[in-house]
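The values are calculated or read from the model by the stated rules, or taken from the named source; none is laboratory data. In this text the structure is predicted, and so the values were computed from the model without any measurement. Here Cβ is always computed from backbone atoms with ideal geometry, including for glycine, and neighbour counts include all displayed protein chains.
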Amino acid sequence: MHHGLTAELKRIVFFSVIAALFGALNGYLSWTLMAAAGLYLSWVLWQLRALYLWLTVRRRQAPPDASGIWGEIFENIYRLQKRHEKEKRRLQAVIRRGQETTAALRDAVVLVDADGSLNWWNQSAELLLGLQPIDHGHPLVNFVRHPDFISYFESDDYDEPLDLPSPRNESKQLQYQINRFGMGERLLVVRDVSRVHKLEQVRKDFVANVSHELRTPLTVLRGYIETFAMADGIPAPLSKALAQMQVQSDRMNMLINDLLALSNLEAQDSEKNQAAVDIKSLLTAIRSDALVLSGEGNHSIQLDCAEGVQLNANKKELHSAFSNLVFNAVKYSEPGSEIDLSFTVKDNELIFTVKDRGEGIDPIHIPRLTERFYRVDNHSRSSQTGGTGLGLAIVKHILLRHDAHLSISSKIGKGSSFSCVFPKDRQVVS
């Protein structure tokens, strides 16, 4: 551009000098210079007209022939056009590749704009959601009308996927996962999880049925064991064996009860039997039971809870979750140690915390503590304390049914802290 500008300036100076000499010779210097300026302006307008026509009408043709600064302008614009077209072709190729890739997916992929309207989708979306080309630009919630999906779609919490029956076939189960990107756009991925859902249902039914079927024969066995254990004149070796059988049958009975409790939690409506629960009286009762469980352990159990705090919850389930944590603290703490129970109300949360001074848990085990039958070490704590390995799994399920979660922190040799964190909207304000 500097070379073209220099050439144009030289041209202006050259013609100005020629016009000045010619004006000096004919005695009309001013008129001659004005005429020369008019001619130059006409030439500039002609070049602008050529530029306009090239950019609007003849943009696919080669640039007009020109010299000086206009030649460089035409050439640079032409070069930018070529670069733009090359970049456009590259981006189009990327888009086509992306579309071909997503078309090969079995999962439905749907792009939704900032207004919640359909922007693009792959072929699987047509099969799973029934979308058609004429649906472009329409709101997504017109096609997936389930109230839970609408609430999920309009919320900003997409950390967990949502499982719902298919809008086209209720026998199918679909999983919806939303991710935000760009300027408010959303990417919806829909997966057919019918097989996984059926397997999960089979597992639930199997656990529930087996637990029910085991209860009757186990009751008979426990009855005979207790009868034989109370008989007189039983030899010492047989008496010891009967005592061990009774302990193990009791553990099996507890295991069956916990499995049935988990099955009921998975099967029942989470909103069933929820009402205002007075937290202070509930925790006071649990503390009394924990002191009885401690017995000769003489644990010091302190309770810190304000009067009048109420929580919208299922009282029976809440009692089960809280007592599970408190009784665990008693079982796994040294005799005479302190256990702190507290219920605090914060700006956005309500937190029930059980803190003990036990041996603590290695942090690597904490993420898996709520798994069923998970063991921290090879020496089963359940065999020493009478547990089933399902207590924290039950606590987790109960909290999920109350929009809450379990937070665990622990240090080896310094004890553990288990906190049930509820959202503030669970509090009942009288």
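For ASP192, state whether it is under 21 Å from LEU260 (Cβ atoms) and either at pLDDT 80 or above or in the same structural domain as LEU260 (by TED's automatic domain parsing) (or both).
Answer is no for this residue.
Restricting attention to region 190-218, report how many residues are loosely packed, with under 12 Cβ neighbours inside 10 Å and more than 30 Å from GLN173 (Cβ to Cβ).
Of the residues in region 190-218, 2 are loosely packed, with under 12 Cβ neighbours inside 10 Å and more than 30 Å from GLN173 (Cβ to Cβ).
Keeping to region 412-422, report how many residues are touching a strand residue (DSSP E or B) at 6+ places or on another chain (Cβ under 8 Å) and either among the hydrophobic types (A, V, I, L, M, F, W, C) or outside the structural domain of ASP347 (by TED's automatic domain parsing) (or both).
4
Working only within region 397-406, note down all residues that are surrounded by fewer than 19 Cβ atoms within 10 Å (Cβ to Cβ) and either closer than 24 Å to GLU334 by Cβ or of a type in the set (Lys, Arg) (or both).
LEU406
Given GLU85, GLU72, which one is among the acidic types (Asp, Glu) and surrounded by fewer than 12 Cβ atoms within 10 Å (Cβ to Cβ)?
That would be GLU85, the only listed residue that is among the acidic types (Asp, Glu) and surrounded by fewer than 12 Cβ atoms within 10 Å (Cβ to Cβ).
Among the candidates LEU291, LEU259, LEU255, LEU283, single out the residue that is in the same structural domain as GLY358 (by TED's automatic domain parsing) and touching a Leu at 6+ places or on another chain (Cβ under 9 Å).
LEU283
Taking ASP425, is it modelled with pLDDT of 85 or more, under 24 Å from SER263 (Cα atoms) and not polar (S, T, N, Q)?
No.
Please state which one of ASP107, ASP115 is of a type outside the set (Val, Ile, Thr), surrounded by fewer than 13 Cβ atoms within 10 Å (Cβ to Cβ) and within 30 Å of VAL193 (Cβ to Cβ).
ASP115
Are there any pairs, at least 6 apart or on different chains, whose C-beta atoms fall under 6 Å, with the first in region 398-415 and closer than 18 Å to ASP362 by Cβ and the second acidic (Asp, Glu) and not in a strand (DSSP E or B), and if so, which?
GLY415/ASP356
Every residue in region 111-146 that is hydrophobic (A, V, I, L, M, F, W, C) and in contact (Cβ under 8 Å) with a residue 40 or more places away in the chain, please.
Correct list: LEU111, VAL112, ALA114, ALA125, LEU128, LEU129, LEU140.
For (1) crowded, with 16+ Cβ neighbours inside 10 Å; (2) touching a residue at least 40 places away in the same chain (Cβ under 8 Å); (3) β-branched (Val, Ile, Thr); (4) not in a helix (DSSP H, G or I), each residue gets a yes or a no:
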residue: ASP148; (1), (2), (3), (4): no, no, no, no
residue: PHE153; (1), (2), (3), (4): yes, no, no, no
residue: ARG168; (1), (2), (3), (4): no, yes, no, yes
residue: LEU188; (1), (2), (3), (4): yes, yes, no, yes
residue: ASP232; (1), (2), (3), (4): no, no, no, yes
residue: LYS240; (1), (2), (3), (4): no, no, no, no
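Every residue in region 43-69 that is without any contact (Cβ under 8 Å) to a residue 40 or more places away in the chain, surrounded by fewer than 15 Cβ atoms within 10 Å (Cβ to Cβ) and not in a helix (DSSP H, G or I), please.
Residues satisfying the conditions are VAL57, ARG58, ARG59, ARG60, GLN61, ALA62, ASP65.
I'd like the full set of residues that are within 16 Å of LEU9 (Cα to Cα), without any contact (Cβ under 8 Å) to a residue 12 or more places away in the chain and surrounded by 13 or more Cβ atoms within 10 Å (Cβ to Cβ), limited to region 20-42.
ALA37
If the Cβ limit is 8 Å and pairs must be 6+ apart or interchain, which residue in region 366-378 that is closer than 22 Å to GLY415 by Cβ pairs with which residue that is among the hydroxyl-bearing types (Ser, Thr, Tyr) and at pLDDT 85 or above?
Hits for this filter: ILE366/SER409; ILE366/SER410.
Suppose we filter region 288-319 for residues that are surrounded by fewer than 18 Cβ atoms within 10 Å (Cβ to Cβ) and in a helix (DSSP H, G or I); how many remain?
Number satisfying all stated conditions: 10.
Tell me the residue from THR353, THR344 that is surrounded by fewer than 18 Cβ atoms within 10 Å (Cβ to Cβ) and at pLDDT 85 or above, please.
THR344
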